[in-house]
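The structure appears right after this line, and notes come after that.
The values are calculated or read from the model by the stated rules, or taken from the named source; none is laboratory data. Fair warning: this is a prediction, and the values are worked out from it, not measured in the lab. Note that each Cβ is placed from the backbone with ideal geometry, even for glycine, and that neighbours are counted across all protein chains shown. To get the accessible areas, we keep the full protein, side chains included, count just its heavy atoms, and leave off ligands, DNA and RNA. Shrake-Rupley method; radii C 1.70, N 1.55, O 1.52, S 1.80 Å.
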Amino acid sequence: DAMVIQNPRYQVTQFGKPVTLSCSQTLNHNVMYWYQQKSSQAPKLLFHYYDKDFNNEADTPDNFQSRRPNTSFCFLDIRSPGLGDAAMYLCATSARTGDKLFFGSGTQLSVL
Amino acid sequence: AQKVTQAQTEISVVEKEDVTLDCVYETRDTTYYLFWYKQPPSGELVFLIRRNSFDEQNEISGRYSWNFQKSTSSFNFTITASQVVDSAVYFCALRLNTDKLIFGTGTRLQVFP
């Protein structure tokens with residue numbers, strides 16, 4: 001059974017039209033992450049939550065926001081998607097510092 | 001600065017060959033964790049192994065083995081008798097005593113029948 005679930009698997013949006021990607025987990029892990037992965041590149045951390053504490057990476061554009069309303073759910077909001085934001089977005093969780101990360105299957109975002 | 005280098009961008013082998021994927025890391029911390037993840041075409045990153053900095057024992061799991069050498073800051077991954085299903089992108093990653101996982105650029109392995 002999937003433990004980190006991302007919906008939808010594929011998302012198409014228009015240039016400048018806000019879009020929200022969803023992630024849920026059944027592991028009850030404290031930490032949740034959002035990574036952006038462009039074609040043939042390594043995943044790049046955008047931000048993460050430790051419980052309700054939000055940690056933004058210094059180079060994450062302001063266009064990207066996140067919400068974690070409870071332990072199980074985390075959302076990635078892209079306020080005004082540009083063509084350069086087309087990528088795979090990966091959600092991950094871990095129980096605690098140093099522990100392995102569990103990844104979802106990702107959402108492939110296309111921007112037209 | 002913390003960094004993970006996977007110098008091999010792409011490797012192609014024929015089935016049943018052994019193949020080693022290299023990983024070199026940089027950190028000044030004494031406590032850290034090293035990981036290998038597999039990313040098949042489906043996109044999901046699959047955990048393979050975690051090793052902490054105080055445990056230099058090599059590990060074998062079936063056809064997979066890992067060689068951790070702190071003296072050379074390397075954590076290499078060997079697949080013995082490769083199979084077509086091993087075709088994927090493999091990422092080495094470093095985690096300090098924080099929540100952040102730093103990935104290398106990945107090595108694409110293609111195993112041909």
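Going by the conditions given, is residue A:42 at pLDDT below 95 and either touching a Gly at 6+ places or on another chain (Cβ under 9 Å) or among the aromatic types (Phe, Trp, Tyr) (or both)? Don't jump to the end; show me each part of the working.
On the way: at pLDDT below 95: yes; either touching a Gly at 6+ places or on another chain (Cβ under 9 Å) or among the aromatic types (Phe, Trp, Tyr) (or both): yes.
Spelling it out, residue A:42 is indeed at pLDDT below 95 and either touching a Gly at 6+ places or on another chain (Cβ under 9 Å) or among the aromatic types (Phe, Trp, Tyr) (or both).
What are the pairs with Cβ atoms under 8 angstrom where one residue, in region B:1-26, is free of Cβ contacts under 8 Å to residues at least 40 places away in the same chain and the other, located anywhere, is open to solvent by less than 70 Å² (accessible area, probe 1.4 Å)? Sequence gap at least six, or different chains.
So the pair list comes out as B:7/B:22; B:7/B:24.
Looking only at region B:80-96, which residues are within 11 Å of another protein chain (Cβ to nearest Cβ) and modelled with pLDDT of 95 or more?
The answer is B:89, B:91, B:92, B:93.
Where residues in region B:21-58 are among the polar types (S, T, N, Q) and open to solvent by less than 60 Å² (accessible area, probe 1.4 Å), which of them is nearest to residue B:92 (Cα to Cα)? It would help to see each step written out before you state the result.
Looking only at region B:21-58, we keep the residues that are among the polar types (S, T, N, Q), and these are B:27, B:30-31, B:39, B:42, B:52-53, B:57-58.
Right, trim to open to solvent by less than 60 Å² (accessible area, probe 1.4 Å) and you get B:27, B:31, B:39, B:52-53.
Values: B:27: 14, B:31: 17, B:39: 11, B:52: 13, B:53: 15 Å.
If we take residues in region B:21-58 being among the polar types (S, T, N, Q) and open to solvent by less than 60 Å² (accessible area, probe 1.4 Å), then B:39 is nearest to residue B:92 (Cα to Cα).
Under the condition of being surrounded by 12 or more Cβ atoms within 10 Å (Cβ to Cβ) and hydrophobic (A, V, I, L, M, F, W, C), which residue from region B:59-80 is nearest to residue B:111 (Cα to Cα)?
Among them, the one singled out is B:79.
Do we find that residue A:84 is open to solvent by less than 60 Å² (accessible area, probe 1.4 Å), away from chain B (no Cβ under 14 Å), over 12 Å from residue A:23 (Cβ atoms) and free of Cβ contacts under 8 Å to residues at least 40 places away in the same chain in this structure?
yes
Restricting attention to region A:96-107, which residues are more than 8 Å from chain B (Cβ to nearest Cβ) and open to solvent by less than 20 Å² (accessible area, probe 1.4 Å)?
A:107, the sole residue that qualifies.
Could you grab me the full set of residues in region A:17-48 that are of a type in the set (S, T, N, Q), in contact (Cβ under 8 Å) with a residue 60 or more places away in the chain and within 11 Å of chain B (Cβ to nearest Cβ)?
A:30, A:37
Restricting region A:25-63 to residues that are assigned to a strand (DSSP E or B) and among the charged types (D, E, K, R), which is most open to solvent (accessible area, probe 1.4 Å)?
A:53
Which one of these does residue B:107 not meet: (1) open to solvent by 40 Å² or more (accessible area, probe 1.4 Å); (2) at pLDDT 95 or above?
The one condition residue B:107 does not meet is (1).
From the list A:66, A:22, A:110, A:72, exactly one residue is among the small types (Gly, Ala, Ser), crowded, with 20+ Cβ neighbours inside 10 Å and either closer than 19 Å to residue B:96 by Cβ or at pLDDT 95 or above (or both). Which is it?
The unique qualifying residue is A:66.
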